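Step one of this worksheet: look at the structure below.
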Amino acid sequence: MPKLRTVALVAGAALLSRRALRRRIQVSPLWPLPALDPPISGRPRSRALRLLVAAHETVADGVVQLRLEGGGLPRWEPGAHLDLVLPSGLVRQYSLCGDPEDTSSYTVAIRLVEDGRGGSREVHEQVTEGTELEVRGPRNRFPLVGAESYVFVAGGIGITPLLPMLRALPEGTDWRLLYAGRTRASLPFLEEVEKLGRDRVTVVEGRPDLDALHVPEGAVVYCCGPEGLMTAVEERFPHVRVERFAPRVPADGNHEFDIELRRSGRTLTVPADSTVLTAVRRELPDTAYSCEQGFCGTCQQRVLEGEIDHRDELLTDAERHESMLICVSRARGDRLVLDM
């Protein structure tokens with residue numbers, strides 16, 4: 001009996017050891033090296049809503065407006081945007097242009113981009129009244145700040161985040177709007193904009209002359225529109241506030257660098273004309289991603305070593321110290337180490 005009891009104890013201890021070892025390896029695949037902290041996962045930043053497209057109408061040449069209805073929707077402030085998950089799974093960001101006090105519906109407007117990545121075409125051609133869409137947000141990286149005077153510059157569809165700002169300005173506020181587009185017919189909400197202040201609005205068909213734009217001392221400048229317009233306004237007025245839904249590319253272009261995937265034990269090269277996400281997914285095809293524009297947060301990963309060139313419009317200053325969105329951000333130097 002004593003011998004049988006000993007055998008049973010040894011067998012039980014061995015079973016417990018195997019279970020403990022299995023759990024330990026699950027925690028750290030590189031065991032017996034020290035376990036790394038749990039990775040930052042790619043999760044949407046806000047709860048998803050399912051909203052019904054109650055209206056799909058043309059509001060200018062090449063521009064459709066969607067009214068998305070639901071109940072008890074979160075309130076928002078001028079400058080906020082939504083993530084729309086389209087039926088194909090594409091995720092795109094669109095500025096809210098309706099009434100912030102309306103908790104029963106959201107309104108967005110989308111211009112058809114002929115040579116785009118397919119999101120706007122899907123909205124124009126496949127999304128119809130009665131379509132149910134997943135919506136995330138609202139989020140606001142473009143808030144209206146208090147000031148004595150304002151200058152707004154809008155290029156075409158770039159009027160969408162600025163329109164709620166114009167409506168929200170206290171009576172008597174000094175403001176001016178430069179609104180540019182290919183033709184007057186291509187400018188959404190032009191009639192409403194002019195009613196808000198006809199003597200304050202300058203409409204330009206074609207490229208605007210920014211040298212002729214008068215900005216009073218102390219005025220806050222806002223700009224939204226095509227990248228070329230925003231870049232030109234930034235060069236002319238360095239303190240301008242802009243809204244981008246695409247990553248900024250430096251004038252001198254990108255450079256090649258290496259990334260080490262610490263958990264996987266692999267080192268990859270990211271070419272100058274590609275992204276960290278593309279390189280990672282060749283090795284780890286299940287890596288989560290969504291918008292590929294640096295707005296949804298799905299591809300956020302912890303960075304263990306290296307200096308990050310942040311190009312997203314989402315992460316907080318605290319998050320930027322230790323993580324990056326691998327769909328758009330890059331390395332400032334020759335190497336990054338990711339917790340993957």
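Some points to look at:
- Within segment 55-66, residues that are touching a residue at least 12 places away in the same chain (Cβ under 8 Å) have Cβ atoms under 6 Å from residues that are open to solvent by 50 Å² or more (accessible area, probe 1.4 Å) and among the hydrophobic types (A, V, I, L, M, F, W, C) in these pairs: Asp61/Ala185, counting only partners at least 6 apart in sequence or on another chain.
- Index of the failed condition, Leu162 passing every other in (1) in contact with an Asp or Glu (Cβ under 6 Å, 6 or more places away or on another chain); (2) in a helix (DSSP H, G or I): (1)
Residues checked against (1) touching a Phe, Trp or Tyr at 6+ places or on another chain (Cβ under 8 Å); (2) at pLDDT 95 or above; (3) buried (at least 16 other Cβ atoms within 10 Å of the Cβ):
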site	(1), (2), (3)
Gly253	no, no, no
Ile259	no, yes, yes
Ala272	no, no, no
Asp286	no, no, no
Cys291	no, no, yes
Gly297	no, no, yes
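- The lone criterion from (1) touching a residue at least 60 places away in the same chain (Cβ under 8 Å); (2) under 19 Å from Gly79 (Cβ atoms); (3) aliphatic (A, V, I, L, M) left unmet by Val127 is number (2).
- Screening Glu171 on (1) in contact (Cβ under 8 Å) with a residue 40 or more places away in the chain; (2) surrounded by fewer than 19 Cβ atoms within 10 Å (Cβ to Cβ) shows it passes everything except condition (1).
- Contacts under 6 angstrom Cβ, first residue in segment 188-204 being under 15 Å from Trp175 (Cβ atoms), partner open to solvent by 70 Å² or more (accessible area, probe 1.4 Å), 6 or more apart: Arg200/Arg176
- Residue ID - farthest from Ala288 (Cα to Cα), chosen from residues in segment 30-51 that are at pLDDT 55 or above and open to solvent by less than 80 Å² (accessible area, probe 1.4 Å): Leu51
- Scanning segment 170-187 for residues that are farther than 20 Å from Ala212 by Cα, touching a helix residue (DSSP H, G or I) at 6+ places or on another chain (Cβ under 9 Å) and of a type in the set (A, V, I, L, M) returns a single hit, Leu187.
- For segment 130-142, the condition holds for no residue, the condition being that it is modelled with pLDDT under 95, open to solvent by less than 60 Å² (accessible area, probe 1.4 Å) and hydroxyl-bearing (Ser, Thr, Tyr).
The values are calculated or read from the model by the stated rules, or taken from the named source; none is laboratory data. Keep in mind that this is a model prediction, so the values were computed, not measured. Counting neighbours? That spans all protein chains shown, and the Cβs are built from the backbone with ideal geometry, glycine included. Surface accessibility is based on the protein's heavy atoms, side chains included, excluding ligands, DNA and RNA. Shrake-Rupley method; radii C 1.70, N 1.55, O 1.52, S 1.80 Å.
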